[in-house]
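Since the structure comes first, as structure tokens, the remarks are kept for the end.
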Amino acid sequence: MKKIVLALLLMSAFGLAKSQQISLHSQYMMNRFTLFPAIAGTNNFVPVNLNIRKQWEGIDGAPITQTLSAHGYIGGNVGIGGSFFNDVTGPTRRTGMNFTFAYHVRMNEDFSRKLSFGLSGIFFQHFVDVEQLTTNEPDDPAIIQGFNNEFCPDAVFSVVFSQSGKYYIGGAVHNILEIRSDLLNSDYEIDNPIERTYYANAGYIFDLGGDFKVEPSVLFQMQESTPMQMDFNARFGYKDKFWLGGSYRMDDAIVAMFALNFREFCFGYSYDITQSDIKNYSSGTHEINLTYRIFQKNGFQQNSTNIPLFN
């Protein structure tokens, strides 16, 4: 009976975790490397990016995610990168890192047009913080010893075709290994798959003249057990100084966002206005994004005083 109670305690947490699995960083266009590892090394500098997302403000135990990433070009058509991530939902936590290798096929003389392939290896720990669980018998051994802390491998593969400063189209497969986390030592099976997820993304950058640009883009996300999710985005920018934008995530959220650029730094903020039933309990989602540019050198992009906001 106690094991059944443990199972019920985790089911709600896993339900939130699965929702988090299919949610996206709203500012992914500022760091597409996190979704598409083929992007690694496509700048003439190394972008070091920190992203913090606090989802569903007002709901206890709602997902909070921190990601720190960097990638760069090392020569010979090769880019490398990596990231650290920490994803917390209620009493569950997923913490890990990934390492990325990307290869870029030259499609024109100056390398501004390229076909890129990327592969990431991922290692993460998935565990439950027992101290966050409240029961009638807090000293019950079934509570204290009833959980596993698992180390899991996984992989991501992506392909991107792009013209620097003009357009891009690509796809990625995440959770290739479809690891199943068994955090509960129980005779009662809890189905907690990390499902294979497919992404497709395309965008075009229009030069409006007078240093103004606009970039419409679309992102598709597909999983076997959930409806296809679509993001329709547009952002409007002036030089490489700032941009304003918005997104509509179908049946989920409307997003307002902006970014400011100053020399080696770029700061972005977004606010998700929830459109699903969760809006009755949450005041929305906040996300901040900070990028710092290091190791400027000649590469795939033209030199710029600021971090290119459209690339």
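The values are calculated or read from the model by the stated rules, or taken from the named source; none is laboratory data. For clarity, every value in this text was computed on a predicted model and none was experimentally measured. Note that we place each Cβ from the backbone using ideal geometry, even for glycine, and neighbour counts take in every protein chain shown.
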Residue match in region 286-302 (condition: at pLDDT 90 or above, in a strand (DSSP E or B) and touching a helix residue (DSSP H, G or I) at 6+ places or on another chain (Cβ under 6 Å)): yes
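For every residue, the table says whether it meets (1) closer than 21 Å to TRP56 by Cα; (2) touching a Leu at 6+ places or on another chain (Cβ under 7 Å); (3) surrounded by fewer than 18 Cβ atoms within 10 Å (Cβ to Cβ).
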| site | (1), (2), (3) |
| --- | --- |
| TYR199 | no, yes, no |
| ASP211 | no, no, yes |
| LEU219 | no, no, no |
| TYR248 | yes, no, yes |
| ASP251 | yes, no, yes |
| ALA256 | yes, no, yes |
| ALA259 | no, yes, no |
| ILE273 | yes, no, yes |
| PHE295 | no, no, yes |
Given (1) farther than 21 Å from GLY165 by Cα; (2) surrounded by fewer than 21 Cβ atoms within 10 Å (Cβ to Cβ), index of the condition ASN77 fails: (1)
Hits in region 58-93 (condition: closer than 16 Å to ASN31 by Cα, without any contact (Cβ under 8 Å) to a residue 24 or more places away in the chain and not aliphatic (A, V, I, L, M)): GLN66, GLY82, PHE84
The lone exception for PHE99 - which of (1) more than 18 Å from the chain's Cα centre (by Cα); (2) under 25 Å from ALA38 (Cβ atoms); (3) not small (Gly, Ala, Ser) it fails: (1)
From THR42, THR67, residue being surrounded by fewer than 24 Cβ atoms within 10 Å (Cβ to Cβ) and hydroxyl-bearing (Ser, Thr, Tyr): THR67
Subset tally (residues that are assigned to a loop (DSSP other than H, G, I, E, B) and within 27 Å of LYS279 (Cβ to Cβ)) for region 225-269: 4
Some residue of region 101-116 being modelled with pLDDT under 85, within 29 Å of THR42 (Cβ to Cβ), of a type in the set (Phe, Trp, Tyr) and out of contact with any Lys or Arg (no Cβ under 9 Å at 6 or more places or on another chain): yes
